[in-house]
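Report on the following structure.
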Amino acid sequence: MDYLRYYVVSLMMIIGIAGFALGGYWLWAGLGTYVVLFVLALLSGPDLKPRTIRHPLLADIPLYLHLLLIIALYIVFAWRVGEGLGLAAGWPTVIALVGGVASLVWLSAAPNVPVMHELWHRRDTFSRYAGKFMSAFFADLHRDIPHTDTHHLHLDTPEDADTAYRGENVYKFMWRCTKHNYQTLWASECRRRIALDMPFFSIKNLILWEMGSALLIPLVAGLIGGWLAALLVFVAQVLSKFAVEALNYLQHYGLLRAPGSLIEIQHAWNHLNWWDRVVGYEITNHIDHHRDGFLRFDQLKPRPEAPQMPNVFVCIISAFIPPIWFKAIAMPRLKNWDLNFANAAERTLAKEANRRAGWPDWLAEAGQSN
């Protein structure tokens, strides 16, 4: 079972591909996997068992299969747009195309990101470049650079754009995080070019690869399905980028750490629902990953003693409705974090963060303001 469960991600992709192949309103099928998973996650409890993988190469098959499936997903979508949807012109076609783009966005984010992220952290060149290529489907080929060079070093501090502030809604965060990470890549590459005395127009310039990869996928889609396919794929890439950062929003929301201090068990949110762990390739055992970024996905242990969030499928839809996110999810859990997880330095930071967010001073109310 531990080898088979991750083929759920492959099945999600196959459903999306089949929906595009069938045409018509079946273009919504990929997005429909979110609805199914939402219900299944509500009906499932936490999964606290460690994985037992004795043959890592067998466990890796669905990781690399995903690379083929996401390529097929975009090719079949472009082909379907070029061939026609099999629907009457006007609103029926528009509704189906909206479903197709929504399916691309969902499948380029939720199942794609955990696979891509796992491969980023591998030590062999092929895996890392496969992960990079998957990032191109949300127009950010080199997203791994700010992730490894900034996020893993500075998580939960002001230097980390991947950590959402208390009181910050998902819409502001998506833009801030996207802008900052592109700027980080640009600055990093400028320093590298200067150190290597490399001209801007060089085949080794990562910025050119970043821009080129973002345009290559719509270009190929256009060659397959025409200008409309190219346009829709480009729109899907842009929306996928924001969807990826929306998932990112959940992972450290409102958490705090004194700069330079050790990364401890309280410094990441965890989602331990059965379906979270499977679709997330165990990255939802989040704190274990931050304590050792080189552990394979199957080596990450669930830590029920760490800070917990509801299942990802509930969290992501709630995040897009800020009043629900703040009142029902974020504030109660951060209050618990401040009172029961934060150390003395973090409680001082939390008191100020709550003040800036306009939230209650629950530390003072509990007599733990310092």
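Take ILE263 and decide whether it is over 14 Å from PRO46 (Cα atoms), in contact (Cβ under 8 Å) with a residue 12 or more places away in the chain and part of a helix (DSSP H, G or I). No; evaluated as a whole, the condition is false for this residue. Would you pick out the residues in the stretch 151-174 that are among the hydrophobic types (A, V, I, L, M, F, W, C) and either surrounded by fewer than 17 Cβ atoms within 10 Å (Cβ to Cβ) or over 16 Å from the mean Cα position of the chain (by Cα) (or both)? Result: LEU153, single match. Scanning the stretch 205-218 for residues that are within 21 Å of the chain's Cα centre (by Cα) and buried (at least 17 other Cβ atoms within 10 Å of the Cβ), we see that the one that is nearest to ILE145 (Cα to Cα) is GLU210. Counting residues in the stretch 316-326 that are within 21 Å of the chain's Cα centre (by Cα), more than 24 Å from ASP144 (Cβ to Cβ), at pLDDT 95 or above and not in a helix (DSSP H, G or I) gives one or more.
Restricting ALA230, ALA221, ALA268, ALA258 to those that are buried (at least 18 other Cβ atoms within 10 Å of the Cβ), under 27 Å from THR157 (Cβ atoms) and not hydroxyl-bearing (Ser, Thr, Tyr) reduces the list to ALA268.
Suppose we filter the stretch 129-148 for residues that are part of a helix (DSSP H, G or I) and either under 16 Å from ASN248 (Cα atoms) or hydroxyl-bearing (Ser, Thr, Tyr) (or both); how many remain?
Final tally of qualifying residues: 8.
Kindly check whether there is at least one residue in the stretch 334-355 that is under 21 Å from LEU42 (Cα atoms), surrounded by 14 or more Cβ atoms within 10 Å (Cβ to Cβ) and within 23 Å of the chain's Cα centre (by Cα). There is no residue in the stretch 334-355 that is under 21 Å from LEU42 (Cα atoms), surrounded by 14 or more Cβ atoms within 10 Å (Cβ to Cβ) and within 23 Å of the chain's Cα centre (by Cα). Would you check if ILE287 is surrounded by fewer than 22 Cβ atoms within 10 Å (Cβ to Cβ) and without any contact (Cβ under 8 Å) to a residue 40 or more places away in the chain? For ILE287, the condition - surrounded by fewer than 22 Cβ atoms within 10 Å (Cβ to Cβ) and without any contact (Cβ under 8 Å) to a residue 40 or more places away in the chain - is met.
Within the stretch 82-139, work out how many residues are under 30 Å from PHE294 (Cβ atoms), of a type in the set (Asp, Glu) and out of contact with any Leu (no Cβ under 9 Å at 6 or more places or on another chain). Qualifying residue count for the region: 1. The set of residues in the stretch 313-333 being buried (at least 18 other Cβ atoms within 10 Å of the Cβ) and either over 18 Å from GLN251 (Cα atoms) or of a type in the set (Phe, Trp, Tyr) (or both) consists of PHE313, TRP325, PHE326.
The values are calculated or read from the model by the stated rules, or taken from the named source; none is laboratory data. Quick caveat, the model's predicted, so the values are computed rather than measured. Cβ atoms come from the backbone with ideal geometry, glycine included; neighbour counts cover every protein chain shown.
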